[in-house]
Structures are given as structure tokens and as C-alpha cells.
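Contents: one structure, followed by commentary.
The values are calculated or read from the model by the stated rules, or taken from the named source; none is laboratory data. Predicted, not measured: the structure shown is a model, and the values here were computed from it. Neighbour counts are summed over all protein chains in view; Cβ atoms, including those assigned to glycine, are modelled from backbone coordinates with ideal geometry.
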Amino acid sequence: MSVVRHRLFWPVAMLVALLLSNLFFTSGFFSIEVRDGHLFGSVIDILRQGAPLMLVALGMTLVIATGGIDLSVGAVVAISGAMACQQIAGLDDQGAVGGVLVAVALALVLSGGLGAWNGFLVSVVGIQPIIATLILMVAGRGVAQVITDGQIVNVNSPPYKTIATGFLFGIPVPVIIAAGVVALVAVVTRRSAFGMLLESVGGNAGASRLAGIRSRRLIIIAYVVCAVCAGVAGLMVSSTVSSADGNNNGLLIELDAILAVVIGGTSLLGGRFSIAGTVIGALLIKTLDTTVYTIGIPPEVALLFKAVVVVILCLVQSPAFRAKIARRQPAEVAA
Amino acid sequence: MPESEPLLVMRGIGKRFPGVVALDGVDLRLFPGEVHALMGENGAGKSTLIKVLTGAYHHDQGDISLAGESVAFAGPHQARQAGISTVYQEINLCPNLSVAENVLIGRAPTRFGRIRWSAVRRRAEELLDRLHLNIDVGSDLGTHSIAVQQMVAIARALDVDAKVLVLDEPTSSLDASEVDQLFRVMRGLKEEGIAVLFVTHFLDQVYEIADRMTVLRNGRRVGEYRTAELSQLDLVAAMIGKDLAVLEDIEEAPRREVAVLERGTPVVSADGLGRAGAIAPFSLAIHKGEVVGLAGLLGSGRTEVARLLFGADRADQGQIAVDGEPVALRGPQSAMRQKIAYCPENRRTDGLVEELTVRENIILALQADRGWARPVPRGKQDELVARYVRALDIRPADPEIPVRNLSGGNQQKVLLARWLITEPKLMILDEPTRGIDVGAKAEIQKLVVELSDGGMAVLFISAELEEVLRLSHKVAVLRDRKLVAELDNTDGLDTDRVMAAIASGGVA
């Protein structure tokens, strides 16, 4: 009973159900094999392909906890990738690790700056978050184009390629990066008072002010963290294809990220947030994407299928909906 | 008077929440043409019972019958259709809509699917007339005082053909003349044969208006009484279920002696402090160990004074000095640095973060002062919280439950605890006893006395003059957003003289 009451019970149950359903279509779905000392398998693929979404959703969780939202993460994914690729393309030796590191650092610093801009608009200027970040969502794609002179920049850099396709101790590098960032953010928010103060600001901004919380700084930090997470995701996305496409990299990832956060049990109204929930939410969405392919849904209805599953998912999770179903059946008996 | 048939009967009502039995076999009978008071301390189950009655909660046990027929409400809407209308303690209206829209929202007369605005206005005016309220129904609700908003909520409840009217703490934010006005309305409704269920913490009001009462304690019914047959003392005993020593301690305590205080340099002094549109420039000094009461009608500027002294609003003229040194209060943080604390009037919107736990709410101000990077160690948190949960008798004594699940009195104590752990020099208490039960009220009053005996300066704001006089060394009187008088609380001072000062706008 108490297991069912846990707030992550339903997301986890849905994830497990979705994974199991794949077994009907792919018998070897859960098999993981070691090839050349590297792990391979469908589940590993989900983890690897889900890493960028997990990172973006992680940052989004903090922003949503403040009662805000960040629509610009997709654009930041594109800008970060564009910045890194443009930088690498200009190197004499694209295989030089030092040069690649500089490019990565530049991309992340730029991402952080964009996050600070969002946070500034929201907390200092006082623009509603959905509008404030909409500015960068729209303008950001243009910024990415400007960085790459309107071209799709292709790079041929083994070190950069490693970010998305490499292995460390047999585990895909993007999975390690995502796990590391998730762990870092989780530890910092919960070990310091950052998480609690963020929840306080998101839960009741007026009361938080009267309790002496300087919400401005906290909100800016949340947007910066969110943008840096999106920046890391942008490196992965562009590294996967070794090119930066300002128009298409990270397209619509903000919506999947928001969905992952909500599935994970964090309210869009702000307040209490759950990083574990977000991770499960992101995996759920990626599993769903994979399922669409494995069961051979035609591409033209794939999005519709996904939408239907997401609606069912949200309904199953809603305590109000479950209560309604539960009440309808035994009501006659009880009365 | 022969016993008529009850209009509404609730029998054996039970309601459980996770970990809590909120109601356990409670009976309630409402008679037509009677005002029935529902009494009990905070957490006794009054609000839960009302929510069951109005369909907001679904009860686990028991049954409800209305006019002899068994009913089960799936939601508030059905209850309202059946003739049970409610005005909740917290006003559930939309401040950004007009008065007329608020009165008739969801029930606006339409023609061919279009709202007939002239009919809406006319109907709203009629309903407000019934309450003798004369305001422009086209104005935004938010521009009116809480008292007027309350009346609008009642007008809204009366619009449907109500057989039962539930008033949950309708008087907690009304001043005396507004209460009289409300009571006139309630008597009128009685004569129309409506059964009125009245929830309040003001015992005097119960004796003035109620015919009958039901007393709850800890989710059970203690009994049903005719008001004429139960003395006030017995009522209080029934409500709190313990001897009245704690109450009498406070009631009988001699008036605080002014002479005891050494008035050296004030802890906090305001000199010509003011803010245009909020409060006219005032000067006020609060000394170590002194309780200064702020008296005045609703809207006279009491909260505005508090907010200026805490830096929640910025003064546009005058100065504040702490321990004789002028300081600039740029916001709540800088007031906290000066060891000034403020428990706001509206604890739910301005005080607590409801989804956070009791522990987190208590630790919040201290943590805010330290900044996010320097967390109060968990062991230290648990120790501090445990100490104050015990000292203030916060119930349930579980620091890890959301503060939302606590009753009003206990929430107020959580707020007090939040500021007490910051060890302030000046504690500003804005209506700390409003809407909480007698037991908790006495405890908070006692706490104020203890704090000031311990050397803390207290600014005590309350609409209840008796309470202000009982606790304060000095009473500052506000009227129309001006500080009009400062009265030493010596033997000669009584509520009549304070009233006179409020009424005349000068020293009586």
C-alpha cells in the first residue's frame, strides 16, 4: 500500500510496463551484450539516446520549480552545438583534445550567459517566464545561424565525436555525462539549501520574500543551470552527427523536457520538485519513442500514437482520475 | 417553543485522511429558522464537517438527510443545487472581476447563450440591497475591503434558493458595525425559515446570535446544546476539554505595569516615517521588553505601519533607528539583519509556504539569512525544530508533514517559531490570534508576555481591544491611516477610552 502511495510509483510502473510491452515485439529487447568491451542493446540505446533529453529536462525541473518555464532550451541546444562546431572547424588540427576542450568550454559559457539573460528578464525586468524565454526560443535559432554564417558546419574531430559515441569502462560516454550531471545537480540542490529555497520561492513567492529570501539570485541561478544543461545536451546532439544545424538541432526538445518534468511529478505551478521523477519521465519518453519504432508504427501516425500514450499516462498518474474510476465501481456495493 | 422537525440531519459522519481521523461518528442537526453555531478548537473537525456537508469532501461513514430525504453530494455544485450554500472562511472570489460578476458567476442570466449584462447588474444590486450594501456593482471586487468582499460572498450564496446557509468564520475580518450588519442579515434569513450554520471563534457573537450549538473536539461531537442552557465557561470547557487554568491565568493577570520598564534608548524608533497612499508620517518608539499595541479599525493603517517597520514596503519619508543608530531598510533582509521579525496578518498567503513541511517552514527565515550555500546542518535543524515544536506545543508534533495539513492555530505557531529561532530584538505580530481557537489564543498571549519579560520588544496588532489592553504597555491608536494617539496603558485606560480615541481621532 505504502509503495503504491509513493509519488514515483506510477511513473515507474508506467516505465516498466512500457519496457515490458516491447518484449512482445522484440524478443531480445532486454538482452545486453558485450562487444569489444562495450555494452550494446536496446536498453542501452534508450539510455544513450535519452541522455540529451534527460539533461534538458533536469535543468527544466529547476526552472519549473521556481514557477517558471524555459522555452528557449531547444534554441540553446542549437547555439551550443553551433558554437562548438564552428570553433572546432577553425582548428588547424581537429583531433587536438585541447582545442576541442576550449570549444566545449566556450559553448558552455555562452549557454550560461544565455541562461543569465533569461533569468535577468524574468526576475529583474519582471517579464512572465513564458514570454521572456519565448524571445530566445525564436531569436536563438537565428543566433545559431549567425555563428555558423548560415551554413551547416561539419566537423571531423575524433575527440568531439567521443562525447556522443564514445565508451568509458564499456559504458557509453553520454550516459556517464548525463548521470554525472544529474548526480551533481541532485547533490548540490539537496545538500545545500538551494533546493528548499527554490521550492519556497516557487510555492509562495510573496511569503518567501517576507521570510527574507532573495529570490532574484535564486531564479537567475536556476535559469543558468537550465541553459548550461541544455548546452551540454547541445554538444551531444551535434557530436552525434558531427555537425551543427542551427535550424534542426534540439527542435521541439523543450516540449519533451516539460513533459518529462510533469510526468515526474513536479507541478507546473512551481514548488516541490523531484529530480528522480524527471529522470524517470525522460526515460519514459525515450522508451516511448523507441517503442514506436520497434512495433513498427507508420511514421505519419507516430506522433499521434505518442500523444495518445502520453494522455493515458497523465490520466493514470492523476490521483483525481484514479479516485473517480475507483469510486465508480464499488460505489453501488458500498451504498 | 415546540421542537420542530430538523431540516438537515447528519448522522455518524466519519472521515479519515492518511494518518488522521478527522471526523469520528459526528452528528449534526440543523433546524429551519435557527442559527446553529458549530464550535470547537482549531483541528476539532469543524472545517472538515462543513466540507462534507457542502460536498467538497466525500465522507467515509454516516449519512446525510435533507428535509427527510437521504442525500449524497458528489460535489459542491450538487449541494448548492439541493439548497446548501456556503461562504468559506477564505474568500473564494475573483478579485479581478467586477462585483456583479462575482455575485452571479456561473449563474448569469443568458439569452440565446449570451449573458444579459443589464440583468446581471440588476440582480446583483438586488442581492446586495438585501444586505444593505451600497456599492457600485461594476467596480472590481479587489478594490473593496475584505469586509465588503465577505458581504459579496454572502450575497453570492444567497442568490440560489438556499435552505441551508453555512457561514464559515464570516466575522473574523469584520469590524463591530459590520458584524452588526451581518447579524441583522442573519436574523432576516432566520425569519425566512433558512437554517444558518455559523462557525466562529468569537464566543460573544455566538451568544448574541445563535439559538443552538454543536461542540466538536478532536473529531468527535461533545454535545448539542441550546445556547440559553450553556454558560460561556461551560462552553469553553467543552471545547478544550481541560480545566481553564491556562485561560484564567491570562484573564486574571494584572495589567502590565508601565513603571516596570526602563525606557532607555528605544530598540526601534520611527521618526516621521511614512509612505504616500499607505500611511501618514508617524513617530513611534519601542523599547526593550516593551509591548506596544496597535489599535484601530480594519484598514486604519495597522498593517502598513508593520510593513514599513519591517522594510516590506519602502518608506518614502522619515527615518528608522535601531538602538539609536539610523538604518536604511531596503527590504525584509535588511530588517532581519537588524533583528526585526514580522509575522504577517494573512498567514496563508504572506506567511507560510503550504507545501513545504513544518520543519522547512520553521527553518526558512534563518536559512534565508544564511543564504543557500550555507545550509543549516540537518542535525541542528532537527534540534531547533524539535525544541520549538515542544515549546509552542505544535500539533501534530511531526515536523515532516506539510504545513498545509495543520490547523490555523498550529500554523500560526509554526510562523512564530520561524521568527523566534532568529532571536529577534523586535517582533512584529500582525493579528497573531485571528481565526484561531481559545486555547491557542491564550497560549500565544502568554508567549507574548514571556517574550517581553525576556527583553524582546513586541509590536502587537489586533482588532480585539481587550487583547491589546491586556498585553500592551503602550497603545498606539490609528485612524484613517494616521497615528492619532499614543496612550500609556495605566489604570485609567480601558476599551472605552481607546474606542473614544479611535472615534474622535485624538487623545481622549
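Of the residues making up segment A:67-121, those that are assigned to a loop (DSSP other than H, G, I, E, B) and either touching a Leu at 6+ places or on another chain (Cβ under 8 Å) or within 30 Å of residue A:206 (Cβ to Cβ) (or both) are A:67, A:68, A:69, A:70, A:71, A:72. Of everything in segment A:259-283, what is farther than 20 Å from residue A:183 by Cβ and among the aliphatic types (A, V, I, L, M)? Give them in sequence order. The answer is A:259, A:262, A:263, A:268, A:269.
Per the conditions (1) under 29 Å from residue B:403 (Cβ atoms); (2) assigned to a strand (DSSP E or B); (3) away from chain A (no Cβ under 14 Å); (4) not aliphatic (A, V, I, L, M), the sole criterion not satisfied by residue B:27 is (1).
Within segment A:220-255, can you find the residues that are assigned to a loop (DSSP other than H, G, I, E, B) and under 11 Å from the mean Cα position of the chain (by Cα)? A:250, the sole residue that qualifies.
The numbered conditions (1) crowded, with 24+ Cβ neighbours inside 10 Å; (2) over 23 Å from residue A:164 (Cβ atoms); (3) hydrophobic (A, V, I, L, M, F, W, C) are all true for residue A:295 except (1). Does residue B:463 satisfy being under 17 Å from the mean Cα position of the chain (by Cα) and among the aliphatic types (A, V, I, L, M)? Yes, satisfied.
Condition test on residue A:133, is it under 22 Å from the mean Cα position of the chain (by Cα), touching a residue at least 40 places away in the same chain (Cβ under 8 Å) and surrounded by fewer than 19 Cβ atoms within 10 Å (Cβ to Cβ)? The answer is no for residue A:133.
Answer yes or no as to whether residue A:29 is among the aromatic types (Phe, Trp, Tyr), touching a helix residue (DSSP H, G or I) at 6+ places or on another chain (Cβ under 6 Å) and within 21 Å of residue A:171 (Cα to Cα). Yes.
For segment B:413-447, a tally of residues being in a helix (DSSP H, G or I), away from chain A (no Cβ under 14 Å) and within 17 Å of residue B:339 (Cα to Cα) returns 0.
For segment A:170-201, a residue qualifies if it is outside any helix (DSSP H, G or I), surrounded by fewer than 21 Cβ atoms within 10 Å (Cβ to Cβ) and away from chain B (no Cβ under 14 Å), and the qualifying residues are A:170, A:171.
Cβ separations smaller than 8 Å between residues 6+ apart or across chains give the following pairs from segment B:374-399 residues that are within 14 Å of chain A (Cβ to nearest Cβ) to residues that are surrounded by fewer than 16 Cβ atoms within 10 Å (Cβ to Cβ) and of a type in the set (D, E, K, R): B:375/A:191; B:376/B:370; B:399/B:382. Scanning segment B:288-319 for residues being buried (at least 22 other Cβ atoms within 10 Å of the Cβ) and over 26 Å from the mean Cα position of the chain (by Cα) gives a total of 1. Report, by residue number, each residue of segment A:202-227 that is aliphatic (A, V, I, L, M), closer than 19 Å to residue B:341 by Cα and at the interface with chain B (Cβ under 9 Å from one of its Cβ atoms). Result: A:207, A:210, A:211, A:213.
Hey, any hits in segment B:401-409 for a residue that's buried (at least 16 other Cβ atoms within 10 Å of the Cβ), more than 14 Å from chain A (Cβ to nearest Cβ) and hydrophobic (A, V, I, L, M, F, W, C)? Checked segment B:401-409: at least one residue is buried (at least 16 other Cβ atoms within 10 Å of the Cβ), more than 14 Å from chain A (Cβ to nearest Cβ) and hydrophobic (A, V, I, L, M, F, W, C).
Take the conditions under 22 Å from residue B:412 (Cα atoms), touching a residue at least 12 places away in the same chain (Cβ under 8 Å) and over 24 Å from the mean Cα position of the chain (by Cα) and apply them to residue B:335. Does it pass? It is true that residue B:335 is under 22 Å from residue B:412 (Cα atoms), touching a residue at least 12 places away in the same chain (Cβ under 8 Å) and over 24 Å from the mean Cα position of the chain (by Cα). Restricting attention to segment A:240-270, the residues being surrounded by 24 or more Cβ atoms within 10 Å (Cβ to Cβ) and among the β-branched types (Val, Ile, Thr) number 4.
Of all residues in segment B:415-446, those that are within 26 Å of residue B:46 (Cα to Cα) and either free of Cβ contacts under 8 Å to residues at least 12 places away in the same chain or more than 18 Å from the chain's Cα centre (by Cα) (or both) total 2.
Every residue, every condition in (1) among the basic types (Lys, Arg); (2) in contact with a strand residue (DSSP E or B) (Cβ under 7 Å, 6 or more places away or on another chain); (3) free of Cβ contacts under 8 Å to residues at least 60 places away in the same chain, yes or no:
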site: A:286; (1), (2), (3): yes, no, no
site: A:290; (1), (2), (3): no, no, no
site: A:295; (1), (2), (3): no, no, no
site: A:299; (1), (2), (3): no, no, yes
site: A:306; (1), (2), (3): yes, no, yes
site: A:311; (1), (2), (3): no, no, yes
site: A:314; (1), (2), (3): no, no, yes
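Answer yes if at least one residue in segment B:302-313 is farther than 18 Å from residue B:345 by Cα and modelled with pLDDT under 95, and no otherwise. The answer is no, given that none of the residues of segment B:302-313 is farther than 18 Å from residue B:345 by Cα and modelled with pLDDT under 95.
Restricting segment B:332-373 to residues that are in contact with a strand residue (DSSP E or B) (Cβ under 8 Å, 6 or more places away or on another chain), within 7 Å of another protein chain (Cβ to nearest Cβ) and not in a loop (DSSP other than H, G, I, E, B) leaves a set whose member that is surrounded by the fewest Cβ atoms within 10 Å (Cβ to Cβ) is B:332.
Okay, residues lined up against (1) over 19 Å from the mean Cα position of the chain (by Cα); (2) more than 18 Å from residue A:12 (Cα to Cα); (3) more than 14 Å from chain B (Cβ to nearest Cβ):
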residue	(1), (2), (3)
A:262	no, no, yes
A:276	no, no, yes
A:279	no, no, yes
A:290	no, no, yes
A:298	yes, yes, yes
A:312	yes, no, yes
A:324	yes, yes, no
